[in-house]
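Chemist: Attaching a single structure in structure tokens format; questions to follow.
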Ligand SMILES: Nc1ncnc2c1ncn2[C@@H]1O[C@H](COP(=O)(O)OP(=O)(O)OP(=O)(O)O)[C@@H](O)[C@H]1O
Ligand SMILES: [Mg+2]
């Protein structure tokens with residue numbers, strides 16, 4: 001379960017995220033949408049404890065990411081916007097390293113490794129050096145890294161970017177399977193993906209939540225594209241100004 | 001502790017998988033060999049002159065004073081330049097490559113990351129200094145240097161290098177740019193090296209202070225074979241202070 005409450009993040013004068021709140025229930029898949037630069041990555045970085053919020057709180061699996069950061073981080077799998085790979089490691093060595101720093105018991109690592117290599121279509125490149133992998137394969141390794149320790153909360157920043165169609169289908173069904181036991185929040189620009197995978201949708205624009213509802217309610221009598229475009233069209237002038245001011 | 005070990009392994013692997021380790025080790029041995037060769041031939045020339053002048057004068061020439069001590073001083077200067085290049089990537093590369101995000105969102109304590117990176121660089125330094133052991137080994141095989149003085153000198157060299165490692169890691173933790181990390185590390189270690197130079201003319205208060213702050217002062221004592229607790233305390237404080245500041249610097253990303 002992820003609870004975001006009144007979250008604000010300022011980079012100097014620029015307010016990237018301003019006073020947003022939303023929730024993902026346990027076992028839910030939440031689609032996090034918004035135009036470029038609307039603050040999705042920033043929000044996810046705060047949820048995962050990488051950077052502190054200027055104001056507001058985040059609770060992950062019941063633990064405050066600021067005050068009980070360590071406990072919260074134990075329960076998170078995170079795929080950042082660009083996959084966090086060590087370019088001189090092989091895929092296997094890298095995934096083993098991640099499994100260890102995520103606190104997995106030594107005995108559990110071989111099975112988890114095999115499982116995740118198969119699930120993410122990495123068996124063929126298991127002993128290749130990550131630095132020379134193609135973009136799509138790097139993304140797969142990034143995803144494998146996020147799920148290897150079977151975390152109860154998954155934060156995925158544009159997980160299917162750069163993947164081939166077959167792999168996209170594979171990863172989507174993987175994410176769907178993870179739901180139930182895992183809470184997933186994923187950002188994406190591919191709206192059909194949201195329609196297929198997510199139960200709940202949060203749309204942000206210029207750092208503010210402009211829509212938050214179950215997918216079935218939102219896309220009842222209109223397509224998700226329409227919902228998205230309408231939501232970001234009603235943007236408040238105030239928020240846009242802060243962005244422009246900072247840019248000057 | 002398990003996490004520290006995991007980080008150490010990852011860091012050591014990074015050194016030896018990339019060419020950095022081999023370039024640095026070869027360079028260090030090459031320069032060391034050149035110094036050693038020069039000091040030794042100078043020693044031989046001096047020896048032949050002395051023996052021509054008077055019988056038994058060669059006893060006044062000893063290997064520790066004429067070969068080992070200057071060799072160690074020369075190596076310490078090389079370390080000023082090389083250590084920041086060894087440590088520059090430690091944090092800067094992680095920040096640039098996005099892997100910092102992985103480390104900081106994993107259930108690792110900041111202290112474990114800092115300690116792991118420090119121990120890995122420390123082990124690397126040990127290997128580096130260990131390899132230079134061939135030069136004194138030659139002297140022991142063919143001459144009779146004082147082993148105690150030699151060991152004290154090596155301890156000094158190791159402490160000096162370890163302090164530089166700690167300082168270099170600190171400067172690396174400030175930036176995502178490896179060049180900036182290396183240059184600021186070099187400036188810091190060089191400053192520690194030369195800060196005692198104006199001590200003689202700096203007055204009664206400032207003079208001793210500058211002398212105390214200088215690595216060279218403490219290092220020189222040990223090269224002469226004197227291991228004083230005051231010098232050990234100096235190196236330990238320098239290392240611990242740098243580690244503490246590195247821990248703060250990494251942790252500061254989590255501060256509001
Ligand atoms: N480290 C930073 N320093 C200053 N400004 C930043 C920083 N990171 C992000 N920003 C700004 O914050 C705003 C939100 O950025 P963010 O990366 O969260 O957007 P996003 O929704 O993930 O966009 P995209 O869809 O392009 O990935 C942008 O205006 C961006 O320029
Ligand atoms: Mg983004």
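The values are calculated or read from the model by the stated rules, or taken from the named source; none is laboratory data. Predicted model, so just to flag it, every value in this text is computed and none were measured. So basically every Cβ, Gly included, is an ideal-geometry build from the backbone, and we count neighbours across all protein chains shown.
Chemist: Within the range B:202-212, count every residue that is surrounded by fewer than 17 Cβ atoms within 10 Å (Cβ to Cβ) and within 14 Å of residue B:192 (Cα to Cα).
Modeler: Qualifying residue count for the region: 2.
Chemist: Taking only pairs six or more apart or across chains, which ones have beta-carbon atoms under 7 Å, a first residue in the range A:82-93 that is more than 8 Å from chain B (Cβ to nearest Cβ), and a second residue that is surrounded by 17 or more Cβ atoms within 10 Å (Cβ to Cβ) and part of a loop (DSSP other than H, G, I, E, B)?
Modeler: A:91/A:122
Chemist: Now for a separate question. Got a sec? Which helices (runs of 4 or more DSSP H) wholly within the range B:38-153 have at least 1 residues that are in contact (Cβ under 8 Å) with a residue 40 or more places away in the chain and within 14 Å of chain A (Cβ to nearest Cβ)?
Modeler: In the range B:38-153, the matching helices (runs of 4 or more DSSP H) lie at B:89-97, B:99-105, B:110-131.
Chemist: Looking for whichever is surrounded by 15 or more Cβ atoms within 10 Å (Cβ to Cβ) and modelled with pLDDT of 85 or more here; the options are A:219, A:206. Which one fits?
Modeler: Going through A:219, A:206 in turn, just one is surrounded by 15 or more Cβ atoms within 10 Å (Cβ to Cβ) and modelled with pLDDT of 85 or more: A:206.
Chemist: Can residue A:32 be described as over 11 Å from residue B:105 (Cβ atoms), touching a strand residue (DSSP E or B) at 6+ places or on another chain (Cβ under 7 Å) and within 12 Å of ligand 1 (Cβ to nearest atom)?
Modeler: Yes; evaluated as a whole, the condition is true for this residue.
Chemist: Here are some residues: A:74, A:102. Which one is crowded, with 23+ Cβ neighbours inside 10 Å and within 10 Å of another protein chain (Cβ to nearest Cβ)?
Modeler: Matching residue, one of A:74, A:102: A:102.
Chemist: Something else now. For the range A:151-173, name all the residues that are more than 16 Å from ligand 1 (Cβ to nearest atom) and within 14 Å of another protein chain (Cβ to nearest Cβ).
Modeler: Those that are more than 16 Å from ligand 1 (Cβ to nearest atom) and within 14 Å of another protein chain (Cβ to nearest Cβ): A:151, A:152, A:153, A:154.
Chemist: Among (1) facing chain B (nearest Cβ under 10 Å); (2) in contact (Cβ under 8 Å) with a residue 60 or more places away in the chain; (3) surrounded by fewer than 16 Cβ atoms within 10 Å (Cβ to Cβ), there is one condition residue A:62 misses while meeting the rest; what is its number?
Modeler: Evaluating residue A:62 over (1) facing chain B (nearest Cβ under 10 Å); (2) in contact (Cβ under 8 Å) with a residue 60 or more places away in the chain; (3) surrounded by fewer than 16 Cβ atoms within 10 Å (Cβ to Cβ) leaves (1) as the failure.
Chemist: So which of A:99, A:53, A:16, A:24 ends up being away from ligand 1 (no atom under 16 Å from the Cβ) and over 15 Å from the mean Cα position of the chain (by Cα)?
Modeler: Just a single option satisfies the conditions, and that option is A:99.
Chemist: Do you know which residues across the range B:15-26 are more than 15 Å from residue B:126 (Cα to Cα) and either in contact (Cβ under 8 Å) with a residue 60 or more places away in the chain or loosely packed, with under 15 Cβ neighbours inside 10 Å (or both)?
Modeler: Within the range B:15-26, B:18, B:19, B:20, B:23 meet the criteria.
This table checks each residue for (1) within 13 Å of another protein chain (Cβ to nearest Cβ); (2) away from ligand 1 (no atom under 14 Å from the Cβ); (3) surrounded by 19 or more Cβ atoms within 10 Å (Cβ to Cβ).
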position: A:28; (1), (2), (3): no, yes, yes
position: A:36; (1), (2), (3): no, no, no
position: A:47; (1), (2), (3): yes, no, yes
position: A:68; (1), (2), (3): yes, yes, no
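Chemist: Oh, and also: Look through the range A:10-26, keep the residues that are buried (at least 16 other Cβ atoms within 10 Å of the Cβ) and in contact (Cβ under 8 Å) with a residue 60 or more places away in the chain, and return whichever of them is farthest from residue A:175 (Cα to Cα).
Modeler: By that ranking, first place goes to A:15.
Chemist: Let me ask something else about it. Out of all the residues in the range B:228-251, which are surrounded by fewer than 14 Cβ atoms within 10 Å (Cβ to Cβ) and in contact with a helix residue (DSSP H, G or I) (Cβ under 9 Å, 6 or more places away or on another chain)?
Modeler: Passing the criteria: B:228, B:230, B:240.
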